[in-house]
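Visitor: Mind having a look at this structure? Questions to follow.
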């Protein structure tokens, strides 16, 4: 077991170094085998693990980590000087100062630095499988970018060491190590967003850098307060053990702030929206499936301590607000990737909210959302990349011809959107469980519970509107032809798309099985109390939440199946007529409608800042 | 209770002006007003050929109008009747022989009832429509012979592609 | 099983009931305009006439989605009348309208597109109010099920009067009646989303409108709880209110509709929710 886990940490780093030197013909099989290997290991670990694995490392690794930290921060400072960005420089200085102070005043390390429990194994599953598929996809994608061959190798190698860092992030116990890996993910994000080296990429990468550095600073401050208040070592297990202590709220609030910034909640959402100028595998990997999932991961780790605290209440209010604000913001976008980015922010808010509530059922809901959102969003982003490279489309209003020129991609994007929205796909079940389980919250915190329920349900309605708006563009056709010819996009693109599609559909079919054997045990371990999954006749009860199966099955037949069938159905022996345009015979091409939210965005940002301030104040009082 | 007998109980009207002076149009709209009230027969003025049964045409067909007239006629599903309201729609009226008029709509589409009058009165229009309803009941769902209507069926499916029916009439823009 | 017979019969007869309501509405509208108006069974005559037309579609996806809109709306009504979860009911209604919107987007017709855009915006106007009403019912009865509301001893109207007024303000948007009928603006869009349907495929959309009536009146009946007399009274009052409003007001633009709905109706429902959660 331990060796397998270490394998997951070390192998991606080796592969990333190898990828810098091997020729392209060797790189392809290398990437594919590594992807398969990592996925297989993570599945094996998840299925066969029992209990929690702690492991420690020799003392020299502590020193290595400290040195690596300092080098990283000096590198950030160098970037600040090179790009003349005072704010990055300021952040780097603050972080460097804080780190040096902490290194001097920290007690010696006693306990074990790495903790791999069921939550980490769950995240391993998500990270390795999705990253594997995206790495294979980027083999073809990066070939079509206009840059030097060495830069293409550099891209692939960055993706692999990023996988290693993600694996390390979700297994760190010691907060100083966690800080290092957190900042390494920031570094990966910075390098990959600025990959294309044009002016807007550089600007957006700097924005991502300093915003995430604030998150790192928050982690350092949390470490400081843990020492200062005398809880001993700064580790997650220590923090959870002292959950009922007096002033524990301040480190928890600071760690939550780091999580919220990483999850691009308002007012820090600008970096994620700007990160969409990066190549699409970056958006798929970092900014929808794995890196931003650190945000719900942190809150899930801390949820036994956060439950029923004022900090949790503020987080719930903030994320409820962000859910509906991001949904409304998405209606104003035309660029396809930015629409997906807004929807990512909204769903991340929902995941964080569920984790902050902390009851076993809501934790299960959060886990369901994390996994299924990862699969669906990565599929959507990969297809956005196909749209960009094969069809040369970036704006969604240009997609109205896609139903005829690229029916397979249109079908996959439609299924992707439907999987975020409709039963019985996982994301819908997650949202359903969220709304229903908020009801139990509302029995004692009435006003907050009522407000959040309204925000979640209304935000869900707005998101549905958004998805149907884009699906409408994809389903448009003239009706001149009767047969559909699926287009060919090439083996790498097609196979990765099929893989993700297969994953999605198989998880739908196996949802009760997955819920019982895989999600509920993780939730049980996190929250400490068992989650019951009972099936009674035609209803399934998850804790106290009722999942009416029969209406959902019928809804499945009526809605997603209908939309997919509508693309293929042919009525025979029925006349075909022209559209009514008062008798004119012109062909009409169209774009879609948008809401302009420019007047509202300052208010959203201001509200976000207020919430963050409230978070700190509530922890201090 | 044959289904055909329900056609006269709910005839939906489409009103098209093929270049007329609007005199007959006003009289048609007056039929919907409380004084004459054709809604008591179940008639609705839909603006949409796909959902209507009776095509009321006014005006002599001008060169700009002819393809649109045929296109709208083609978009109406059978069984349907055409009522030519007014002297202009029947024969060209006062504009017969002008350089821009074709002289009556029966040059282009088959007409079932001709209602006379230059500025036809609502009573005449209602009378004409009632006679047209009697004819409607006897019609079948087959496509009618017409001067310019292309009714080649697509061999494999026995379905008709009506999208290009008015194509052979070239538009004239002055 | 005894008390399941009434909902099941209502569900099976829903198109008939809706058709009768629609026919009665046309007579009332005519009498308000000092005309005679069509006979009561006119919608059924329309139905039978439409069944007799030659079949004609724009393309198969459009016609198929129109039929599925009708089926899924009927299913949403079935879930509501059988006492299912209110959030699921609202969601299914939203999705059946979304199927109609998809159908309208799938043709390349200007009027369909404009109608679909406007229908989407009107969804944005009425969904939040319905959701707040569902959450208020949850606060009062402790469960999201419509069965709890239908069987509650004390009518919910007494505790949710503001929410009922908000529902009344939002029903014209759902049923496409003046002043909020931008989505179907007949003079502007010749029918909007219903434009490209013809013959038997149009029947699906036409009958769906009737089922929408039954759905909305069932929502009104939720407020009456166990009391049949109060429920019938509420339905009759709502019917006359809707028709009086329809015949006496002019259409407002979609911006005014959205602004009105999100300020007035939403605030009323929201205040009611806060009051319910405080007590």
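Just so you know, all these numbers are worked out from the coordinates, no wet-lab data involved. Everything quoted here is computed from the prediction, not taken from an experiment. Glycine gets a Cβ as well: all are built from the backbone with ideal geometry, and neighbour counts include every protein chain shown.
Visitor: log₁₀ I(q)/I(0) of the stretch A:1-303 at q = 0.07 Å⁻¹, via Debye over equal Cα point scatterers, no solvent, to two decimals?
Guide: Taking Cα atoms of the stretch A:1-303 as identical point scatterers yields -0.25.
Visitor: Oh, and also: Once the stretch C:1-96 is represented by equal point scatterers at the alpha-carbon sites, with solvent omitted, what log10 I(q)/I(0) does the Debye formula produce at q = 0.18 Å⁻¹?
Guide: -1.03
Visitor: Across bins of 10 angstrom width beginning at 0, how are the C-alpha pair distances of the stretch A:1-66 distributed, in whole percent?
Guide: 17, 39, 30, 15, 1
Visitor: Hey, another quick one. In degrees between 0 and 90, to the nearest 10, how far off the longest principal axis of chain C does helix C:266-278 point, with axes built from Cα atoms?
Guide: Relative to chain C, helix C:266-278 is tipped by roughly 30 degrees.
Visitor: How many times 2.2 N^0.38 Å is the alpha carbon radius of gyration of the stretch C:2-278?
Guide: With N residues counted in the stretch C:2-278, Rg over 2.2 N^0.38 Å equals 0.99.
Visitor: Hey, what angle do you get for helix A:426-441 against the long axis of chain A, alpha-carbon based, 0 to 90 degrees rounded to 10?
Guide: Helix A:426-441 and the main axis of chain A meet at about 60 degrees.
Visitor: P(r) tail for the stretch A:248-372, what percent of Cα pairs lie past 25 Å?
Guide: The answer is 19 percent, as a whole percent.
Visitor: Over all residues in B:63-70, what is the mean tally of Cβ atoms on other chains that come within 10 Å of each residue's Cβ?
Guide: Mean shielding count: 1.
Visitor: For the stretch A:329-438, go through all pairs of different Cα atoms, get the mean of 1/r, take its inverse, and jot down that Kirkwood value in Å.
Guide: Working: mean 1/r = 0.0680 Å⁻¹.
It is 14.7 Å.
Visitor: Calculate, in whole percent, how much of the Cα-Cα pair population of the stretch C:180-239 lies beyond 17 Å. The partial results should precede the final answer.
Guide: On the way: 978 of 1770 pairs.
Percentage above 17 Å: 55.
Visitor: For the stretch A:237-296, what mean projected area does the convex hull of the alpha carbons give, in nm²?
Guide: Hull-based average projected area comes out at 4.8 nm².
Visitor: A follow-up question, please. At q = 0.11, 0.16, 0.17 Å⁻¹, work out log10 I(q)/I(0) for the stretch C:31-153 with the Debye formula, treating every Cα as an identical point scatterer and leaving solvent out; two decimals please.
Guide: -0.58, -0.98, -1.02
Visitor: Restricting to the protein assembly as shown, what percent of DSSP beta bridges are antiparallel, rounded to 5?
Guide: Among the beta bridges of the protein assembly as shown, antiparallel pairing accounts for roughly 50 percent.
Visitor: Going by alpha carbons, how many degrees (0 to 90, nearest 10) lie between the helix axis of A:175-193 and the longest principal axis of chain A?
Guide: 40 degrees
Visitor: With contacts defined as alpha carbon pairs under 8 Å and 6 or more residues apart, what's the relative contact order of chain C in percent?
Guide: The normalised contact order for chain C reaches 27 percent.
Visitor: Once all Cα-Cα distances of the stretch A:559-619 are split into 10 Å bins that start at 0, what whole-number percent is in each one?
Guide: 14, 16, 22, 15, 16, 11, 6, 0
Visitor: Here is a follow-up. Residues of A:397-403, mean number of Cβ from any other protein chain within 10 Å of their own Cβ, rounded to a whole number?
Guide: Other-chain Cβ atoms within 10 Å of each residue's Cβ, averaged: 1.
Visitor: Sticking with this one: Relative contact order for the stretch A:247-297: what is it in percent, counting Cα pairs under 8 Å that are at least 6 residues apart?
Guide: 44 percent
Visitor: Oh, and also: Arranged from highest to lowest average of other beta-carbon atoms within 10 Å per residue, in what order do the peptides C:157-166, A:610-619 appear?
Guide: Result, highest mean Cβ count within 10 Å first: C:157-166, A:610-619.
Visitor: Normalized C-alpha radius of gyration of the protein assembly as shown, against 2.2 N^0.38 Å?
Guide: Taking the Cα Rg and dividing by 2.2 N^0.38 Å, one obtains 1.04.
Visitor: Next up: Using a Gaussian network model of chain C with C-alpha springs under 10 Å, which one of C:186, C:62, C:93 is most mobile by mean-square fluctuation?
Guide: In the Gaussian network model the winner is C:186.
Visitor: Can you figure out the FRET efficiency of residue A:594 with residue C:229, using R₀ = 41 Å and their beta-carbon distance, to the nearest 0.05?
Guide: 0.25
Visitor: Please compute P(r) over all alpha-carbon pairs of the stretch A:1-131, binned at 10 Å starting from zero, and give each bin as a whole-number percent.
Guide: P(r) for the stretch A:1-131, in whole percents per bin: 10, 26, 27, 29, 7, 0.
Visitor: May I ask for the equivalent-ellipsoid semi-axes of the stretch B:3-165, computed as the square root of five times each C-alpha gyration tensor eigenvalue and listed largest first in whole Å?
Guide: Working: eigenvalues 120, 93, 29 Å².
Working from the Cα gyration tensor, I get semi-axes of 25, 22, 12 Å.
Visitor: How big is the C-alpha Rg of the stretch C:135-279 next to the rule-of-thumb value 2.2 N^0.38 Å, as a ratio? Mind dumping the intermediate values first?
Guide: Details: Rg = 16.9 Å, N = 145, 2.2 N^0.38 = 14.6 Å.
For the stretch C:135-279, the normalised Cα radius of gyration comes out at 1.16.
Visitor: For peptide C:268-276, compute the average count of partner chain beta-carbon atoms within 10 Å of each residue's beta-carbon.
Guide: The shielding value for this peptide is 2.
Visitor: Restricting to bridges with both residues inside the stretch B:3-165, how much of the DSSP beta-bridge set is antiparallel, in percent to the nearest 5?
Guide: Of all bridge pairs located within the stretch B:3-165, approximately 5 percent are antiparallel.
Visitor: In addition: Suppose we take every Cα in the stretch B:9-81 and form the convex hull; what volume per residue is that in Å³?
Guide: 77 Å³
Visitor: Based on the alpha-carbon set only, what is the convex hull volume of chain A divided per residue, in Å³? Could you put the intermediate results ahead of the total?
Guide: Values: hull volume 100.5 nm³, N = 621.
Per-residue hull volume (Cα only) is 162 Å³.
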